[in-house]
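What follows is a short report on a single structure.
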Amino acid sequence: MNQQKNVHYFPGHMRKALNALRSFMQAVDLVVEVVDARVPHSSRNPLLHELSEGKGRLVFLSKTDLADPKETEKWVEYFAKEGIALVEKKREKERRIGMKPQPIRLCIVGVPNVGKSTLINNLAGKAVAKAGNRPGVTRAEQWVKLPSSFVLLDSPGILPMNYPTEEEAIHLALTGSIKEEVLPIHALADYLLDLLRKDYPTILGGRYPIPSLADITNEEALRIIAKERGFLLKGGEPDGDKAAFILLKEYQDGILGPVTLETADAD
Ligand SMILES: Nc1nc2c(ncn2[C@@H]2O[C@H](COP(=O)(O)OP(=O)(O)OP(=O)(O)O)[C@@H](O)[C@H]2O)c(=O)[nH]1
Ligand SMILES: [Mg+2]
């Protein structure tokens, strides 16, 4: 993990999406930033803050079912100070100019794969926006009308241009916002295993013969996982790479159990 310092990852389609979002902003009343409850710090994007300057802003914590409920509670308190909606201003202006109330236009923004389209589908009560478990599913902005007086704008996921710390990039890779190929898979697995050993040492016990991570190394843990899953190399040795890959997938999909990577106390 120490070999890799600065992580720059800003593909061309994100720059395009950012410019498009900027032009949509004029028509938007309220910006909803979707933030992953497992990484509420790293999944916020300063670029999106700048974009929504002067607009009403709401933070929506997604994937709370995959996060540690105790930590989520602290994050809710943390964000409670920020979420102020300014819809009343729009109504005031409409009254002033004698216009009938127009639909409130909400723009849903966030890093890739955080659950923007899923939130829109939940609010709409049906699948109106394409969602999927990989970053980059939404390719372009799309307006969605709700039966109530709301219109939602789905938008493609946008990452920060670079990361102040490598840890933030790792957190975004572990939660599926950055494609795993961007960071070495072993560094990601090592990071996750170290964190689990520290905060959730018995969590793998339900799935693998690993009652506690406290007594074994990461390499040993990966060997056990490989053996358990039948991932063997030609010579019969356990395939640690494949085990690392599966461990990351299982974490991303919430199969290991709820695990928060960032605490509000440290923020
Ligand atoms: N467990 C769980 N999964 C969720 C939740 N919200 C979204 N997901 C899953 O996360 C994955 C990504 O969801 P999307 O709604 O496509 O995410 P997005 O932010 O629109 O992603 P992009 O369009 O790629 O930027 C999908 O597999 C969803 O089913 C949630 O609250 N809990
Ligand atoms: Mg989407």
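The values are calculated or read from the model by the stated rules, or taken from the named source; none is laboratory data. Source: prediction; values computed, not measured. Glycine also receives a Cβ, built like all others from the backbone with ideal geometry; neighbour counts cover every protein chain displayed.
Take the conditions (1) surrounded by 15 or more Cβ atoms within 10 Å (Cβ to Cβ); (2) modelled with pLDDT of 90 or more; (3) over 30 Å from Leu256 (Cα atoms); Arg22 misses just one of them, which is (1).
Residues in the stretch 74-81: is at least one closer than 18 Å to His171 by Cα, surrounded by 13 or more Cβ atoms within 10 Å (Cβ to Cβ) and under 22 Å from the mean Cα position of the chain (by Cα)? Steps first, please.
At the first step, the residues of the stretch 74-81 found to be closer than 18 Å to His171 by Cα are 75.
Narrowing the set further to residues that are surrounded by 13 or more Cβ atoms within 10 Å (Cβ to Cβ) leaves 75.
Within this subset, residues satisfying the condition of being under 22 Å from the mean Cα position of the chain (by Cα) are 75.
Taking every residue of the stretch 74-81 in turn, at least one turns out to be closer than 18 Å to His171 by Cα, surrounded by 13 or more Cβ atoms within 10 Å (Cβ to Cβ) and under 22 Å from the mean Cα position of the chain (by Cα).
Can you tell me which residue among Leu106, Leu123 is assigned to a strand (DSSP E or B), surrounded by 11 or more Cβ atoms within 10 Å (Cβ to Cβ), more than 8 Å from ligand 1 (Cβ to nearest atom) and among the hydrophobic types (A, V, I, L, M, F, W, C)?
Numbers: Leu123 fails: assigned to a strand (DSSP E or B).
Result of the check over Leu106, Leu123: Leu106.
Within the stretch 189-204, the presence of at least one residue that is at negative phi, crowded, with 19+ Cβ neighbours inside 10 Å, modelled with pLDDT of 95 or more and among the aromatic types (Phe, Trp, Tyr) is confirmed.
Yes/no per residue for (1) within 16 Å of ligand 2 (Cβ to nearest atom); (2) in contact with a strand residue (DSSP E or B) (Cβ under 7 Å, 6 or more places away or on another chain); (3) under 21 Å from Ser148 (Cα atoms):
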site: Gln26; (1), (2), (3): no, no, no
site: Glu50; (1), (2), (3): no, no, no
site: Gly56; (1), (2), (3): no, yes, yes
site: Lys63; (1), (2), (3): yes, yes, no
site: Glu77; (1), (2), (3): no, no, no
site: Pro103; (1), (2), (3): no, yes, yes
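The residues on offer are Thr165, Thr118, and the sole one that is surrounded by fewer than 22 Cβ atoms within 10 Å (Cβ to Cβ) and outside the structural domain of Leu66 (by TED's automatic domain parsing) is Thr165. Glu71 fulfils the conditions (1) within 27 Å of Ala187 (Cα to Cα); (2) not in a helix (DSSP H, G or I) except for a single criterion, (2).
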